[in-house]
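Some notes on the structure that comes next.
Read-outs throughout are calculated quantities, based only on the coordinates presented, and are distinct from any laboratory measurement. On a predicted model such as this, the values are computed, not experimentally measured, just so you know. Note: ideal-geometry Cβ built from the backbone for every residue, glycine included; neighbour counts use all protein chains shown.
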């Protein structure tokens, strides 16, 4: 048996050990685990039935030493659970973002990957992980079980139903990928791993934006139902008109509403985690001013008078810096975002629809785009960054529809073209209606093709015989048609050569153009 090996240090780094089973194990010292303080060894075992056991053990020892020398061996046996704990301790993100990360880690990353050592993660493991999420958000793997409405011991009710597989949303899988990416990138910087396994895994595709705003009829029904309660009706109206996010609506204040200039300023948003709420910056971390129409200003003025009257009836006054929508009589508190979400869902459910409050934001955006408002202005009202890039990405279908209407509008202001097209698709000039003989019809068709640029200046007309076969006439008839085009100054014909287009302006039109140009000068 070979003696323990030493390379570049007086520390014993590599040995080949004989095991009781007759196998040989190559064992190399890889360093100290920075978390546990324990030594880390890389090992590889060669079975007793290997035909060249000793030589293979030597080669295994060389491979392990090479991995350590090239710093490709992980320095820790820490698991993914440990990495996630460390990652959550150090990241500096908003509380709502942290809450989302914690949910993804608790519900998906820890159950499926938590016990795996970070150094043993590879592309195949991560691809399989994403595949499980795409199949079922409960990670059922085909198992049949009952989803209980309550945890712990209880009597099952109609709410306890057999499990039905539902894939995790593509956007959620992308969020989980982002969480893993941040954690593994840090692990690589900390030298926990030398290669980031996410680089060898397939990145989950970004979901395509597919907004579903209410139709005009649905929007009308929503408004009519909401205004059965004045305060709730004004809230829903403002969500439609401004396109503000749910938290931004909850944070709206009276002192940021300028009735004289018809402008509402949005500076903050209300965030919520469980029962806790707090005020924070908007999603884009910038304030925006939204212009209001006369109807909206009138509604808000009447609503403010109503709120002031209610406060006065109980001996209170309306807080001048209070919230526009509030649960208390003085409007000194904000309404909870979850309250808005739940009430809107219940209202739509009574109308027979499964809708959420964010669809009113889509409604505002699509209506503005459909009305011909430019993308940058729409993006500004919605609070989208990137100069409208996000707006175009999300509302591309409505942008295309608005573009079609723009084309139709432009055509209505264009001058009438000097040609038209026959039922067979061939161009015909405005003079074709006067054509009686075959050569006149051919001349009219060719004239129309030249005027509409189907046959460009410098190009040649089809051969005489080709035109004659197409119209089922004699070659002499085609010659007479070309003679008409020559007289109009459109083509030039010579013996032995193909007829060439020399102008797209007939001689009977050119003098008019010249006269117009002189008068303009």
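Things worth noting here:
- Taking every C-alpha pair closer than 8 Å and separated by at least 6 residues, the mean separation divided by the residue count of the chain gives a relative contact order of 8 percent.
- Globularity index of region 146-187, i.e. its alpha-carbon radius of gyration over 2.2 N^0.38 Å: 1.87
- Three-way shape call for region 223-282 based on the alpha-carbon gyration tensor, with the a/c threshold at 1.5: oblate
- The angle separating the long axis of helix 294-313 from the principal Cα axis of greatest extent in the chain is about 40 degrees.
- In terms of its C-alpha gyration tensor, region 209-312 comes out rounded, because the ratio a/c of the largest to the smallest axis stays below 1.5.
- Residue order, fewest to most surrounding Cβ atoms within 10 angstrom, among 129, 259, 145: 145, 259, 129
- Cα gyration tensor shape for region 258-372, rounded if a/c is under 1.5, else prolate or oblate: rounded
- Relative to the longest principal axis of the Cα atoms of the chain, the long axis of helix 230-242 makes an angle of roughly 70 degrees.
- Shape annotation for region 14-69: C-alpha extents along the principal axes are 40, 24, 12 Å, from largest to smallest.
- Highest to lowest packing among 185-192, 245-252, 485-492, scored as the average C-beta count within 10 Å: 245-252, 485-492, 185-192
- Checking (i) 143; (ii) 402; (iii) 155 against volume of the Cα convex hull per residue in Å³ calculated from these atoms, the matching label is (ii).
- The chain - mean residue ellipticity at 222 nm from DSSP helices (-39,500 (n - 2.57) per run, n ≥ 4, rounded to 500): -13500 deg cm²/dmol
- C-alpha long axis of helix 358-370 to longest principal axis of the chain, angle in °: 20 degrees
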